[in-house]
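Beneath this line is the structure, given in structure tokens, with notes to follow.
The values are calculated or read from the model by the stated rules, or taken from the named source; none is laboratory data. Values in this document were obtained by computation on a predicted structure and should not be read as measured data. Neighbour counts run over all protein chains shown; Cβ positions are idealised from the backbone, glycine included.
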Amino acid sequence: MISRALLVSLALVAASGSALAADPIKIGVPVGLSGANSVVAPSVVQSAELAVDEINAKGGVLGRQLTLDVADDASGAAGAQKAFDALVFQKKVNVLISMETSAARNAGLPIVARGKTPFIYTSFYEGRSCSPYLYVNAWVPEQQVPPIVDYFNKEKKATKYFLIGSDYAFGRGMLSFTKAYVEKTGGKVVGEEYLPMDGSDWTPIISKLKASGADAIITSTAGGAPNVTLTKQLRAAGVSLPYGNLAVDEGTAKSMGADAAGIYISASYVTGIDSPANKKFLAAMSKKFGADLKTPNDLSVPEYEGVYAYKAAVEKAGSTDSQKVLAALSEVSVEGPRGTIRMDKQRHAPLTMYLGQVQSDGSVKVIQSFPNVDPGAQCPPKS
Amino acid sequence: MPEVRQFSQLAPAPLGLSAKWWMVPLAVVIVGSIALAPLVLDTYMVNILIRAFFVAIAAITVDIVWGYCGTLTFGQSAFFGIGVYALAIIFTEYGFGSWQALFAMGTSVVVAAGVGALTGWLSFYPGSTPLYASIVSLVVPIVLVQILYSGGTFTGSSSGLVGFETFDLELESWFRLAGLSLAAVAVVALIIMRSDTGRLLKALRDNDERCSYLGINTSRYRIIVLVLTAIIASLAGFGYAAFGAVAAPENAGFTFGTRLIIMVALGGRGTIIGAIVGALSIEVASAYLSGSLPYVWELIIGIALIAVILAFPDGLLGAVGRLGRGILPSKASATTQLRPVATADTGPAGSEVAMKVTGLGKHFGSLSVLDGVTFEAKRSELLSLVGPNGAGKTTLIRCLSDGRERSTGFVAIAGHAIDRLPPDRVVQFGLGRKFQAASVFETLTVAECLRVARTHRARPSPVSTSTVLELPAAAIAVVERSGLSDRLGEEARNLSHGLKQALELAMVLALEPEVLLLDEPTAGLTRAERQAFADILTSLASRDRLCILLVEHDLDFVREISSRIIVLHQGKIALDGSVQEVVDSSLVREIYTGQQAAACGAEP
Amino acid sequence: MTPVLEVEGLASGYGTSEVISDVSFTLAQSEVLAIVGKNGMGKTSLLKAVLGFLPAWRGNIRFAGRDVTRLPPHLKRRLGLVYVPQEHALFQELTIRDNLRLGLLSDGDFGAMLEKVGHWFPVLTQRLQQRAGTLSGGEQKMLIVARALMAKPTVLLLDEVTEGLQPSLVDRLSEVLKRFRQDNGTSMVVVEQHLPFVLGIAGNYLVFKRGEIVDGARVDAEAAERIEAHMRI
Amino acid sequence: MLTVALDIVTTAALLFIISSGLLIVFGVMKIINFAHAAFVTVGAYATLVGARLGLPWILVLPLAFVTGAICGALTEAIIVRWLYRRPLDAILATWGLGIVIGQIVTLIFGREVQFVQAPITGTVDLLGVDYSAYRIVMIGAAVIVALVFTTLLNGTRLGLSTRAVIMNEMLAQGLGVDSSRVRLITFAIGSGLAALSGALITPLSSVDPNMGLPWLISAFMLVMVSGGSLMTLAVSSLMLGGLQVIVSTFVNPILGGLTIAICAAIVLRIRPEGFARA
């Protein structure tokens, strides 16, 4: 204990001397190395590493180098509390930039508040998360759902929708918005069914779907297993309706192979985006990681841009002081693979959305793009 | 003023005495370190420990239910979760404030108690198995978590609840609050578990059947324990959420339940300290390790669990303890005084007919083990039940002592029809049953075993260990006669077979029964022990006017002591008469030396 | 020639209680040894100790010169030491056929043995598919004995086979056993209370009392009385 | 309506296949193997490897079975053997083993979801309802599993010895049956069966380190309720599985997910021997 005490006091000394240009700016990345998110987490970490390397190579921020502290949040609240504690209070990071489950994000928020640390959240989510310390540069339902529904309405003449989801916040959040939007655009929801997150037998739901006479499906399951089991079982049951999947990322779709063919996805990023920034980014990624490269996706690219957003904010603020940085974050904008991102809408960002369809070879073909879709009001006045 | 006999222990109790003085400084040290620690530790460690303290409280409840009462429970996490969500939901719905806080705490207690009672009712009933109790405890958290998931914004579903305002305390204060409540729970738990009540719980774990044949309603005790631990666990959860300001489904889940078990298993089940050590070390270690190497950490946990279960079933602390005991002299409980109680005058009181059996039958499907057994037994009668193997002797004993056993017929003990009542009720009519294989409480001392036997006469104290043990004269006689009186502080498992038999008899006599059922009490006893037994039984019949029904193979023994013999053959009474009649009966000779008895069905 | 079975100072028991104290006896090729004594005297425990169901606390057991004291029961059986228990000696739920099959180590020469069983106890082979539990007490004993004999034992340990049998059956049983012994030179240990049977089949007897051998001799004219004396209530 | 019927039968079939291994182990040694889920996972990954090696489906299944059987044999010899007198501890130890296997699988194959192409795809038309062909096949698979093990149990020497050990271990030993060997084999077969079921569900489910877990509780409950015989297991799979489908279809799937657990607990409370001898 005594020795720890010493260490602590030393650490404090170091902290107080943080004016020294020498010592680095610490970026904390709490992410689901284990649990539900562990599939996508590696790609997130990779893009964070690339961003940090690029920035450091160009002399860092305000002459200070950036360092990454990655911690596992086990994709859940309990793990997140530990991870955030470790990063905020032990590692004393200057900022948190990460993609996480809603549970983990929520669990982190009070700790972030206690530690007065900026938190850039880079994962799409069900929306309505509002904290002065939280910035979001990924999409919310208002941005993702309309492209699919509009397309189904127009091109597929769909009027009867069947919604399937995992019974958790994201699943229910997305589908309740979808339902509202479908009805708003004159369609009808003929069924809305949920399975527990660890559920793997969708049989009764699929039978209901087939009985419902729906002419389009929109699903929002937990990423990974449930997504796969549902898709496989839909295919096994010979369901061939227009199928919009709000929760499948490009990488998963790719590895699902034939089963995923024909699925419609709506994302703010697909590897097929034809822009210099994206080409440069992809090249840099494959150069840096070679064979170990995890396909960049809608969850990893925002992480990359998040780091740059922080860089911009710190430079604008001229320091790493939390309050100043938080103020700056809504004013700076980033030129990234997804285009120009500025988190100026109640700490959320307008995004260009892409409607894609999974091809039989697993690649995603962009069918239509919707520039600067507005996130809408994410911070409703507290009643 | 009844006379008081004082028995000195094998090992005088230096530790027993010393226990007093080192308690005080220890308490000072603990409280002191809890108070000072947050000044020394870094913020991170403090955060980790605060959560660990609350988890440790939950672990203690698991330890009590599993380690002490013997029910492997996966369900305590559910009660923890109830506390977490009671706070989170109420603060989210009604905001933070003193009445909300009280309301939340009340809710968590009430709900936890309710769910606990329901779980208990499901898990524990006459004839329920430990495995079944585990199954139920498994279902509870699973159901709860599904409810939370589908609860929408009310429960926050998978994202849990967050952002509600809660107690705004300094980190240090949180640390002290959590630390002291853990210490408090631990101390209370230790006191209760070391008290006479705690011993009773151990007795339930060691030998549930023996308990119910001592007139103890084991299910009721188990349910009470479950409800109390549920409440404690829910309050731990309440504190956990109050500090973390987050409610998440994991806090209530089955996985957390197993994690609690692992903590207790590693630390040492049946030792409160073990639970704390296990909980704190796992929580802290995981905080440092799981972040950097999540999978390897899980791997370590798994391997550790297997290793501990195989190598040290009673956990690391238990292993250390065993080592310790090797070095130190065995701790002896405070000296116990035996004091005879003024037993109800057994004179004219009570009907002369102590046991009445009519047309008793026991059938398994088509095969009937007992058929039309009818007899009466009076007080002071020493009735022996003999017959070749498989004649149904032990089955008969079971049917007399457990109302649910017999298929047909009527049984009355001391004038009370036993209907379909379970043993613990039948015993209260004045029946005592001694099993064939000595059935005592292996991990309890002799004195403790006897005290448990007195439960229904003298309620055990939840805080203290009484040093005086009141027993009926008959029981004391057995204790002295057998030499148990010199080994009152000895754990029953260390006794010889003969002494165990004597102890069980003494325990049964402590019930002050009117009817005494004995199943082959002399099997495997030395000649001397058998002689002693014979004398004890005869004096019980003559002096204490007990009605004794004895199942015995050893016919010499039977002839020696019986006042009357019933010969059972192929489930029917072949003969019921005096020792002479039986000895002279050719029928019995035939039954015993083999030939099929032509008239075996004959009723006397 | 060396005896088939030698038991030397064997002691054993349950938990802390010793029920067999320093028992010694030997069994010669094709000898039949009766162990008599009243119930609850540890006769059955003795057999269990010999077979290894009870651990030997002291002493040792030699089978055909080989030390088998620590050999587990199933290996003793494979050496030819076959046990006919007194209680729960049948698989009530299994058919007569399966019960018999379990008498052999493999189904190889089951057919051939079945014929032999047919000779010994025709009643069994007529009802092969019937569940053993449905047989009468007497028939069950026959099945048990038949199963034991199918194993072509070197030493047969019989625990109270005659218990509760009609005289006629007892005679049949003793006939079969005698014949089998003549044909195969099997040695037998019969734990018994049934005098006529003992006298009829045994060459020597031991009287067992509270875990010890208290008497023993050749089965001759006086044997009957001396045994009776021990058996009397 | 016919669809619901089909759902019930196919669900029951799946449950039966997955529970049978657990049942066989429980039947013989009265031990609950909480590593069962892990063995299911092992089977699925064996399938994955087999598929990657380009083995035909007909060879993949035995591969999965053997892999599981080997794991089972090791488990029995190293862990379970010492715990027959401590059934509750056996649950804990096997749970620990489940964690270990899960992590090892993760370390080897990574955490991400893997994919195995289904051998049979598409639907078949049954009386006007087109229904997942593979699920129909599962019915057959269940029947085969049932038949194979009934014949193994009733037709073979090993089965005879096994039944003997179940009914009266001591007598069996006296007749030369090596009961510890029987136990080892049984545990191996039970685990192999778990792995086989893992292989069989891959076309319907994802392959990931925790894929077995969701099935564990249901399997556990079904085994408890059916008390030890394959026959009653089939019955309880049909009854509880059917109930699950009905609740999922007409009430809601979340409640459906809980049906088996809750019903089993209640059935056992009312009737401790479950559906056995019912």
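Just to be sure, is B:Ala528 farther than 24 Å from B:Gly215 by Cα, more than 14 Å from every other protein chain (Cβ to nearest Cβ) and not in a loop (DSSP other than H, G, I, E, B)? Taking the combined requirement at face value, the residue does not satisfy it.
Can B:Leu138 be described as touching a residue at least 60 places away in the same chain (Cβ under 8 Å), part of a helix (DSSP H, G or I) and either within 14 Å of chain A (Cβ to nearest Cβ) or in contact with a Lys or Arg (Cβ under 8 Å, 6 or more places away or on another chain) (or both)? Before the answer, list the steps.
Details: touching a residue at least 60 places away in the same chain (Cβ under 8 Å): yes; part of a helix (DSSP H, G or I): yes; either within 14 Å of chain A (Cβ to nearest Cβ) or in contact with a Lys or Arg (Cβ under 8 Å, 6 or more places away or on another chain) (or both): no.
Considered against the rule, which asks whether it is touching a residue at least 60 places away in the same chain (Cβ under 8 Å), part of a helix (DSSP H, G or I) and either within 14 Å of chain A (Cβ to nearest Cβ) or in contact with a Lys or Arg (Cβ under 8 Å, 6 or more places away or on another chain) (or both), B:Leu138 comes out as no.
Apart from one condition, C:Gln86 fits all of (1) at pLDDT 90 or above; (2) touching a helix residue (DSSP H, G or I) at 6+ places or on another chain (Cβ under 7 Å); (3) of a type outside the set (Phe, Trp, Tyr); (4) outside any helix (DSSP H, G or I); the exception is (1). Just name the residue that is farthest from the other protein chains (Cβ to nearest Cβ) out of those in segment B:491-513 that are buried (at least 24 other Cβ atoms within 10 Å of the Cβ) and of a type in the set (D, E, K, R). Step by step, filter segment B:491-513, then rank; the result is B:Glu504. Number of residues in segment C:40-81 that are of a type in the set (Phe, Trp, Tyr) and within 14 Å of chain B (Cβ to nearest Cβ) equals 1. When B:Phe79 is tested against (1) in a helix (DSSP H, G or I); (2) modelled with pLDDT under 90, only condition (2) is not met. Hey, among the residues in segment A:116-132 that are touching a Phe, Trp or Tyr at 6+ places or on another chain (Cβ under 8 Å) and surrounded by fewer than 21 Cβ atoms within 10 Å (Cβ to Cβ), which one's farthest from the other protein chains (Cβ to nearest Cβ)? Filtering first and then ranking leaves A:Lys116. Looking only at residues in segment B:403-452 that are surrounded by fewer than 23 Cβ atoms within 10 Å (Cβ to Cβ), closer than 12 Å to B:Ser212 by Cβ and of a type in the set (D, E, K, R), the one that is farthest from the chain's Cα centre (by Cα) is B:Arg404. Restricting attention to segment D:87-111, which residues are facing chain B (nearest Cβ under 7 Å) and not aliphatic (A, V, I, L, M)? Within segment D:87-111, D:Pro87, D:Asp89, D:Trp95, D:Gly96, D:Gln103, D:Thr106 qualify.
Of the residues in segment A:51-84, how many are buried (at least 24 other Cβ atoms within 10 Å of the Cβ), over 24 Å from A:Ala169 (Cα atoms) and facing chain B (nearest Cβ under 9 Å)? Adding up the residues that qualify gives 0. The single residue among A:Gly290, A:Gly318 that is in the same structural domain as A:Val40 (by TED's automatic domain parsing), without any contact (Cβ under 8 Å) to a residue 60 or more places away in the chain and over 17 Å from A:Asp249 (Cα atoms) turns out to be A:Gly290.
Of all residues in segment B:108-142, exactly one satisfies the criterion of being surrounded by fewer than 19 Cβ atoms within 10 Å (Cβ to Cβ), among the β-branched types (Val, Ile, Thr) and within 23 Å of D:Phe220 (Cα to Cα), namely B:Thr129.
Please pick out the residue among A:Val334, A:Val314 that is crowded, with 18+ Cβ neighbours inside 10 Å and in a strand (DSSP E or B). Lay out the reasoning, then the answer.
Numbers: A:Val314 fails: in a strand (DSSP E or B).
Exactly one residue qualifies, and that residue is A:Val334.
Among the residues of this structure, D:Gly198 counts as one that is within 29 Å of D:Thr121 (Cα to Cα), more than 7 Å from every other protein chain (Cβ to nearest Cβ) and touching a residue at least 40 places away in the same chain (Cβ under 8 Å).
Do we have any residue at all in segment B:542-555 that's part of a helix (DSSP H, G or I) and under 22 Å from B:Lys356 (Cα atoms)? Within segment B:542-555 (the criterion being part of a helix (DSSP H, G or I) and under 22 Å from B:Lys356 (Cα atoms)), the answer is yes, since at least one residue qualifies. Within segment B:479-502, one or more residues are within 30 Å of B:Gly361 (Cα to Cα) and touching a residue at least 60 places away in the same chain (Cβ under 8 Å).
Taking the criterion of being under 23 Å from B:Ala541 (Cβ atoms), within 11 Å of another protein chain (Cβ to nearest Cβ) and in a strand (DSSP E or B), the residues of segment B:563-594 that qualify are B:Ile565, B:Val567.
Considering only segment B:21-54, how many residues are in a helix (DSSP H, G or I) and charged (D, E, K, R)? Lay out the reasoning, then the answer.
Just the residues of segment B:21-54 that are in a helix (DSSP H, G or I), to begin with: B:21-40, B:43-54.
Next, only the ones that are charged (D, E, K, R) stay: B:51.
The qualifying residues number 1.
Taking the criterion of being over 8 Å from the mean Cα position of the chain (by Cα) and over 18 Å from D:Val235 (Cβ atoms), the residues of segment D:15-36 that qualify are D:Val25, D:Val28, D:Met29, D:Lys30, D:Ile31, D:Ile32, D:Asn33, D:Phe34, D:Ala35. Of the strands (runs of 3 or more DSSP E) lying entirely inside segment A:82-145, those containing at least 1 residues that are among the hydroxyl-bearing types (Ser, Thr, Tyr) and farther than 13 Å from A:Gln378 by Cβ are A:95-98.
Give the residues of segment C:61-88 that are of a type outside the set (D, E, K, R) and without any contact (Cβ under 8 Å) to a residue 60 or more places away in the chain, sorted by residue number. Give the steps one after another, and end with the answer.
Quick first cut of segment C:61-88, residues of a type outside the set (D, E, K, R) only: C:61, C:63-65, C:68-69, C:71-75, C:79-86, C:88.
Listed by number, the residues that qualify are C:Ile61, C:Val68, C:Thr69, C:Leu71, C:Pro72, C:Pro73, C:His74, C:Leu75, C:His88.
Can we say A:Leu299 is surrounded by fewer than 19 Cβ atoms within 10 Å (Cβ to Cβ) and among the aliphatic types (A, V, I, L, M)?
Numbers: surrounded by fewer than 19 Cβ atoms within 10 Å (Cβ to Cβ): no; among the aliphatic types (A, V, I, L, M): yes.
No.
Select the helices (runs of 4 or more DSSP H) contained entirely in segment B:201-300, then report the ones holding at least 2 residues which are free of Cβ contacts under 8 Å to residues at least 12 places away in the same chain and over 30 Å from B:Pro513 (Cβ atoms). Talk me through it step by step, then tell me what you get.
Working: elements: B:208-212, B:218-244, B:254-267, B:272-292.
Helices (runs of 4 or more DSSP H) meeting the threshold: B:272-292.
Starting from residues that are of a type in the set (A, V, I, L, M, F, W, C) and surrounded by fewer than 24 Cβ atoms within 10 Å (Cβ to Cβ), keep the ones in segment B:73-93 and report whichever is farthest from B:Phe254 (Cα to Cα). First the steps, then the outcome.
From segment B:73-93, those of a type in the set (A, V, I, L, M, F, W, C) are B:74, B:78-80, B:82, B:84, B:86-91; that's our starting set.
Within this subset, residues satisfying the condition of being surrounded by fewer than 24 Cβ atoms within 10 Å (Cβ to Cβ) are B:89-90.
Working: B:Ile89: 21, B:Ile90: 24 Å.
If we take residues in segment B:73-93 being of a type in the set (A, V, I, L, M, F, W, C) and surrounded by fewer than 24 Cβ atoms within 10 Å (Cβ to Cβ), then B:Ile90 is farthest from B:Phe254 (Cα to Cα).
Does at least one position in segment C:90-112 carry a residue that is of a type in the set (A, V, I, L, M), away from chain D (no Cβ under 14 Å), in a helix (DSSP H, G or I) and over 29 Å from C:Phe208 (Cβ atoms)? Yes, because at least one residue in segment C:90-112 is of a type in the set (A, V, I, L, M), away from chain D (no Cβ under 14 Å), in a helix (DSSP H, G or I) and over 29 Å from C:Phe208 (Cβ atoms). Considering segment D:152-177, and only residues there that are polar (S, T, N, Q) and more than 7 Å from chain C (Cβ to nearest Cβ), the residue that is nearest to C:Val84 (Cα to Cα) turns out to be D:Ser161. Could you say whether any residue in segment B:242-261 is within 22 Å of the chain's Cα centre (by Cα) and within 30 Å of A:Ile111 (Cα to Cα)? Among the residues of segment B:242-261, at least one is within 22 Å of the chain's Cα centre (by Cα) and within 30 Å of A:Ile111 (Cα to Cα), which makes the answer yes.
Scanning segment A:337-370 for residues that are part of a strand (DSSP E or B), in the same structural domain as A:Leu134 (by TED's automatic domain parsing) and without any contact (Cβ under 8 Å) to a residue 24 or more places away in the chain returns A:Thr340, A:Arg342. Return yes or no: is D:Ser237 touching a helix residue (DSSP H, G or I) at 6+ places or on another chain (Cβ under 6 Å), of a type in the set (Ser, Thr, Tyr), part of a loop (DSSP other than H, G, I, E, B) and under 25 Å from B:Leu138 (Cβ atoms)? Against the criterion (touching a helix residue (DSSP H, G or I) at 6+ places or on another chain (Cβ under 6 Å), of a type in the set (Ser, Thr, Tyr), part of a loop (DSSP other than H, G, I, E, B) and under 25 Å from B:Leu138 (Cβ atoms)), D:Ser237 does not qualify.
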